[in-house]
Amino acid sequence: MPLLEIRNLSVDFATSSGQFRAVDGIDLSVDKGELLAIVGESGSGKSVSMLAMMGLLPWTATITADVMSFDGHDLRALGPRQRRRIVGKDMAMIFQEPMSSLNPCFTTGFQIKEALRLHLGLDRKARHRRAVELFEMVGIPAPEDRLKVFPHQMSGGMNQRVMIAMAIACGPKLLIADEPTTALDVTIQAQILDLLTGLQRDSGMALILITHDMGVVAETAERVSVQYAGQKVEEQKVADLFETPHHPYTAALLAALPERATSRHLPTIPGVVPGQFDRPRGCLFSPRCKFADDRCKAEPPAPAGSGLGLARCHYPLNARSEVSA
Amino acid sequence: MLKFILSRLLTFLPTFFGVTLISFAFIRLLPGDPITVLAGERGISAERHAELMTEFGFDQPMLIQYWDYLKGVVQGDLGQSLVTKKPVWDEFFTLFPATLELSICAIIFAVALGLPAGVIAAVNRGKFFDRLLMSSALVGYSMPIFWWALLLIIAFSGWLGWTPVSGRISLMYYFDSGTGFMLIDSLRSGQDGAFWSAVHHLILPTIVLGTIPLAVIARQTRSAMLEVLSEDYIRTARAKGLAPFRVNGVHALRNALIPVITVIGLSVGTLLAGAILTETIFSWPGIGKWMVDSIFRRDYPVVQGGLLLIAVMVMIVNLIVDMLYGFINPKIRKR
Amino acid sequence: MTETSETASQATDRPGPLREFWYYFRENRGAVMGLWIFVAFVLVALFADLIAPHDPTAQFRKNLLQPPFWQEGGSIAFPLGTDALGRDILSRLLHGARYSFYVGIVVVTVAASGGIVIGLIAGFAPRWLDAIIMRIMDIILAFPSLLLALVLVAILGPSLTNAMIAIAIVLQPHYVRLTRASVLSERSKDYVTAARVAGAGRLRLMFVTVLPNCLSPIIVQAALSFSTAILDAAALGFLGMGAQPPTPEWGTMLAEAREFILRAWWVVTFPGLAILVTVLAINLMGDGLRDALDPKLKRS
């Protein structure tokens, strides 16, 4: 049984101009200790689906799913109180902006010890010991001093380490990292990624890495799920995905990697992810797809078989003749 | 931090001189020369008039007069009341505790109700409670408090007979005023019922004086909370599995307090303006009533000195608020 | 590319600033309600002579302290009862609207025009002049507004005109600060530099280029100080330092009614209610104006 299983998750937001579907029928499963990457451009609903699972969306969001279970709990049936017992303890999340994700009015020590008291019920001394230990684990020098400072007195990279320390404080079974390196300097990015993968390997927790950077995926993940405009368009093992992408969107993302560029100009994907008002009738990627024909524009495709990476496309790429659907 | 305090003090000084200049100018702006004004309606003989002009130095050049006035102010010499013949400085500080006691009660009342109201409204944004609380706040904000006082007197003193109409304590009790704070003095006097009498006398003035600050604080708390609630760190706090009470009441409120404290500090001026009306209506023997009475009695040294002392009080409170602001906002403190 | 033609037609249909403003203003139901009450208040102020059933100063000696018509002893001739001198309260209230409206208009005009000019000067002036102006404003703001107004009236002598002057002086620094702050933030923008490069004179730069872009917060402030002016004038009247009896000014009416509060609730209740409703309506409108004109101001 997988640690996390989600079937047909949809999230709608009530906006002043009607309903907006941010996540559309996502399936997802993560095993214990696994590292899954979710890839997609901004606005493709990667973060929203994870926030929905954690129960962190505002009240304007309506969440529906056929299955949403974590570690034997049915998340749909859980009351807020029971959910809070899991969230922050067994399931933790770190966010994109380390500078604004920490409360500016409290010291880092206060913020990390707060979680320790809530979920583990440690006494004051034990909390302090554990906090120092956690800061050492995430590579913060002089942890005793750093527990006493406010977030704005440290760099973004240091703050992200504090966020990671806070997230793993209670020994979570699943850590969700929502673009953890996007807001950081390039040199720091690699350090943070190494830290995350290292922690995942050592502690045996599962890690979901949300990113828009295919390069990051290649270096770290085992399995990749590609999302586009709120839908999952493809899912494969990393090596297979890089070898034989089946969805044109995946292929385009890969082609946009500098390492893979064949010509002098880096290929780009023209256009942007469709928003609330320009959602196409057929395949959501059709306006930007160089292979799209009339059928793509008229009729939304269903996911292909697992041999084709579940690609949501009428004409999957690299299809071997014997498995063509 | 020291630099911060010093820079604040530096802006304090020119304002202080400006305020002394205004209170100095006040008595000279009145129609007629100062001695005629000071002599009041009884009039004064020509010789005595000339004598006094020299005695008080009113025949000196303006600059010298101002310098002498400033020297007096710094030494606590603000002249004496024409009516009671007591030094203005002494009168002010005899009456000030009464105003301070009332103001403190009003602020406590306003904060105790306004903060929770603002938080509840923000958390329930757009729902029934939010609308109810914010409409009430707007009514409070628009309230002519002198009328509000009369209404409360009609209801609580007239119909229900629960509260007295005026004064600080029932005439049955008499004891020396040690601290000037009736609540403390009545407790220390040990007389039966004295404390409760003082409390009863305080209730209506407190509500009247606290109404507008209450409305302002509730509105400000709500908008500050709304802003804070959309911040990333609130999501982080919720991601830790903290209960809503802790997320809203600790993580959000602590940040929302920064602008709210400023508003509370700034309402001190409003409070003193309100004290003028409240004290007049409830015959509360504080500096507000003292000022109004003095204006009516044409007791100009009192008006002049009171004006200066009140402005300096407001300035000192604003200075304290500024520093408090630096203290509660870590970003300023450690800069 | 059908998309572009669609956006092009939308661009031509974009509503004018006034329509857009009305669209946002209308969303706030409280503000619209406030607007209607304010319109009614202005109409009453304009046509008080025609609407009022009696002369506001006429004394009906046989009908002293008569209660409103729905209470025993009341009559429809004096719908809201009479005061201690037998004057019709309704007529006095209707005429009182006139004074309050007058106070609001005069005070806002004087305070705003003075404050805007001084604020513009401060915003464009060299540093030392700016510092002096702002210090002076700080000094005025150090005094509680009502106290300063009281003292000014004590100097000038108690009357409605002097009360209005005093209130205008006290309210002025708010306009100065607001104007200067928005001038400073606008002045560094590209369109101002462009106008300067194009050779616009200093006065033109101040009043034609920059001022219109600073107006939103000033308009909101004008609405709010309209209500403050009415409240302060009533407070001065109540303390005997504003309009003098027998002027049917609402605050003055309350002052005259004070001694009857426990005997005749109506002489106290109605004038205050009139002040509250008027001020509330203007504040509701001010909130709506703020939300519609400048979403950035929503926080305060």
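The values are calculated or read from the model by the stated rules, or taken from the named source; none is laboratory data. Keep in mind the model is a prediction, meaning the values are calculated, not measured. Glycine gets a Cβ as well: all are built from the backbone with ideal geometry, and neighbour counts include every protein chain shown. In case anyone asks, the SASA skips ligands and DNA or RNA and just uses the protein heavy atoms, side chains included. Shrake-Rupley method; radii C 1.70, N 1.55, O 1.52, S 1.80 Å.
Semi-axes of the equivalent ellipsoid for region B:103-215, computed as √(5λ) from the eigenvalues of its C-alpha gyration tensor and ordered from largest down, come to 32, 16, 11 Å.
Here each label is just a point 7 Å from Cα along the line to Cβ, and for A:Arg129 and C:Thr57 those points are 8.9 nm apart.
A:Thr62 contributes an accessible area of around 70 Å² to the protein surface, as traced by a 1.4 Å probe with all chains present.
Between A:Ile176 and A:Ala92, A:Met93, A:Ile94, A:Ile208, the built amide H atoms are under 5 Å apart, and every one of these is 5 or more places off in sequence or on another chain.
Taking amide H as placed 1.01 Å from N in the peptide plane, the amide H of A:Leu57 sits under 5 Å from none that are at least 5 places away or on another chain.
For A:Lys290, a cut-off of 19 angstrom between C-alpha atoms picks up no lysines at all, skipping any fewer than 8 places away in its own chain.
Note on exposure: A:Glu179, A:Glu97, A:Glu259, A:Glu41 ranked by accessible area (1.4 Å probe, complete protein assembly) read A:Glu259, A:Glu97, A:Glu41, A:Glu179, with the most exposed listed first. Relative to the longest principal axis of the Cα atoms of chain C, the long axis of helix C:215-238 makes an angle of roughly 20 degrees. Ordering of C:63-75, B:243-255 by packing is B:243-255, C:63-75, highest average first (other Cβ atoms within 10 Å, averaged per residue). Residue by residue along B:292-298, Cβ atoms of other protein chains within 10 Å of the local Cβ number 3 on average. Across region C:94-190, the convex hull enclosing all Cα atoms gives 102 Å³ per residue.
Values of log10 I(q)/I(0) for region B:88-328 across q = 0.08, 0.15, 0.16 Å⁻¹ run -0.37, -1.08, -1.16, by the Debye formula with one identical scatterer at each alpha carbon and no solvent.
The length gained by stretching the chain between A:Glu136 and A:Asp293 to full extension, at 0.36 nm per residue less their Cα-Cα distance, is 50.9 nm.
Of the cross-linked pairs A:Lys89/A:Lys173; A:Lys125/B:Lys240; A:Lys46/A:Lys232, those separated by over 18 Å at the C-alpha level are A:Lys125/B:Lys240.
If a/c stays under 1.5 just call it rounded; otherwise compare a/b with b/c (prolate if a/b is bigger, oblate if not). Do that for chain C, with a ≥ b ≥ c from the square roots of the Cα gyration tensor eigenvalues. Because a/c hits 1.5 or more and a/b fails to exceed b/c, chain C counts as oblate. Inter-chain Cβ neighbour count for B:146-154, averaged per residue, equals 6 (cutoff 10 Å, partner chain atoms only).
Comparing B:Leu271, B:Leu100, B:Leu151 in a Gaussian network model of chain B, where Cα atoms under 10 Å apart are tied by springs, the biggest mean-square fluctuation is seen for B:Leu151. Full extension of the segment from B:Val165 to B:Leu63, taken as 0.36 nm per residue of separation minus the current Cα-Cα distance, would add 31.9 nm.
Karplus-derived 3J(HN,Hα) values for region B:70-80, using 6.51 cos²θ - 1.76 cosθ + 1.60 with θ = phi - 60°, are 4, 4, x, 4, 4, 8, x, 9, 10, x, 10 Hz; glycine and proline are entered as x.
Compute the angle between helix C:265-293 and the longest alpha-carbon principal axis of chain C, please, reported from 0 to 90 degrees and rounded to the nearest 10. Its long axis makes an angle of about 10 degrees. In degrees from 0 to 90, rounded to the nearest 10, what is the angle of the helix B:287-297 Cα long axis to the longest principal axis of chain B? Tilt of helix B:287-297: around 40 degrees. Other protein chain C-beta atoms within 10 Å of residue C-beta, averaged over B:135-144: 6. Backbone geometry of region B:4-18 corresponds, through the Karplus equation with coefficients 6.51, -1.76 and 1.60 at θ = phi - 60°, to 3J(HN,Hα) couplings of 4, 4, 4, 5, 5, 5, 5, 7, 6, 4, x, 4, 4, 5, x Hz, x marking Gly and Pro.
Rg to Rh ratio, region B:211-325, alpha-carbon atoms and Kirkwood radius?
A ratio of 1.19.
Beta bridges per DSSP, both residues in chain A: antiparallel share near 60 percent.
Shape descriptor for region C:177-300: Rg over Rh equals 1.22 (Cα atoms; Rh from the Kirkwood inverse mean 1/r).
Measuring heavy-atom accessible area with a 1.4 angstrom probe and counting protein chains only, the residues of region C:143-169 that give up at least 40 Å² relative to the chain alone are C:Phe143, C:Pro144, C:Leu146, C:Leu147, C:Leu150, C:Val151, C:Ala154, C:Ile155. Going from the isolated chain to the complete set of protein chains, region A:152-168 loses at least 50 Å² of heavy-atom accessible area (1.4 Å probe) at A:His152. Less than 5 angstrom separates the built amide H of A:Val233 from those of A:Val226, A:Gln227, A:Tyr228, all sequence-distant by 5 or more or on a different chain. Interface residues of region A:88-113, defined as a loss of at least 30 Å² in heavy-atom accessible area between the chain alone and the complex of all protein chains with a 1.4 Å probe, are A:Phe95, A:Ser100, A:Ser101, A:Asn103, A:Pro104, A:Cys105, A:Phe106.
Equivalent ellipsoid of region A:247-324: semi-axes from √(5λ) of the C-alpha gyration tensor, largest first, are 22, 20, 10 Å. For the pair A and B, the buried accessible area comes to roughly 2400 Å² in total, with a 1.4 Å probe and the value rounded to the nearest 100. Remark: region A:209-216, residue by residue, has Karplus-estimated 3J(HN,Hα) of 10, 8, 7, 10, 10, 4, x, 4 Hz, where x stands for each Gly or Pro and the curve is 6.51 cos²θ - 1.76 cosθ + 1.60 at θ = phi - 60°. Per residue, region B:175-312 exposes an accessible area of 33 Å² to a 1.4 Å probe, with every protein chain left in place. Taking the 1.4 Å solvent-accessible surface of the protein assembly as shown as the whole, the part contributed by carbon and sulfur is 61%. With the whole protein complex present, B:Glu47 retains an accessible surface near 130 Å², based on a 1.4 Å probe.
For region A:166-325, the gyration tensor built on C-alpha atoms gives a prolate shape. Its axis ratio a/c (a ≥ b ≥ c) is at least 1.5, and a/b is the larger of a/b and b/c. For the pair C and B, the buried accessible area comes to roughly 3800 Å² in total, with a 1.4 Å probe and the value rounded to the nearest 100.
The residues of chain A have, on average, 45 Å² of accessible surface per residue, using a 1.4 Å probe with all protein chains present. In angstrom, the C-alpha Rg and Dmax of the protein assembly as shown are 35.1, 126.
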